[in-house]
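Here is the structure we will look at.
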Amino acid sequence: MNTGTRLAYLRNKKGLSQPQLAEKLNVSQSTIAMWESNKRKISAEDIVRLADLFSVTTDYLLGRQPKDDGLLVAAHMDDDLTDDQKKEIEEYIEFKKAQYRKQHEKD
């Protein structure tokens, strides 16, 4: 999953439209659309603002794999799931792990 796709996923998960996210960040709706389609790079400052807004790490937004920090998640996936469903579950697990790491960085 690329940065634009992750951004769209997080925005939708939070129930925000592109115009609503644009307003929160004081950018245009077309900027959000271009970020989500990977037609425009997101500045480092905006990556940080997005990570804060969505309570994830900048590494998660950028698609970077963190070094093994010992954080384990137990999950069981039935054999009747499609590949897309399995991928969505795996991405959600990574999203939750990123939220957990970000929350515990502040402690």
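Here are the numbers for the structure shown:
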| read-out | value |
| --- | --- |
| Where a residue in segment 23-36 is within 17 Å of residue 6 (Cα to Cα) and its partner, wherever it lies, is assigned to a loop (DSSP other than H, G, I, E, B), with Cβ under 7 Å and at least six apart | 31/40; 34/40; 35/42 |
| Single residue of segment 26-36 satisfying the filter (of a type in the set (A, V, I, L, M) and under 24 Å from residue 92 (Cα atoms)) that is least open to solvent (accessible area, probe 1.4 Å) | 32 |
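For every residue, the table says whether it meets (1) modelled with pLDDT under 95; (2) among the aromatic types (Phe, Trp, Tyr); (3) more than 18 Å from residue 93 (Cβ to Cβ).
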| position | (1), (2), (3) |
| --- | --- |
| 3 | yes, no, yes |
| 10 | yes, no, no |
| 38 | yes, no, yes |
| 50 | no, no, yes |
| 55 | yes, no, no |
| 60 | yes, yes, no |
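The values are calculated or read from the model by the stated rules, or taken from the named source; none is laboratory data. Keep in mind it's a predicted model, so treat the numbers as computed, not measured. Here the Cβ is made from the backbone with ideal geometry for all residues, glycine too, and neighbour counts use every protein chain on show. Heads up: the accessible areas ignore ligands, DNA and RNA and are worked out on the full protein's heavy atoms, side chains in. Shrake-Rupley method; radii C 1.70, N 1.55, O 1.52, S 1.80 Å.
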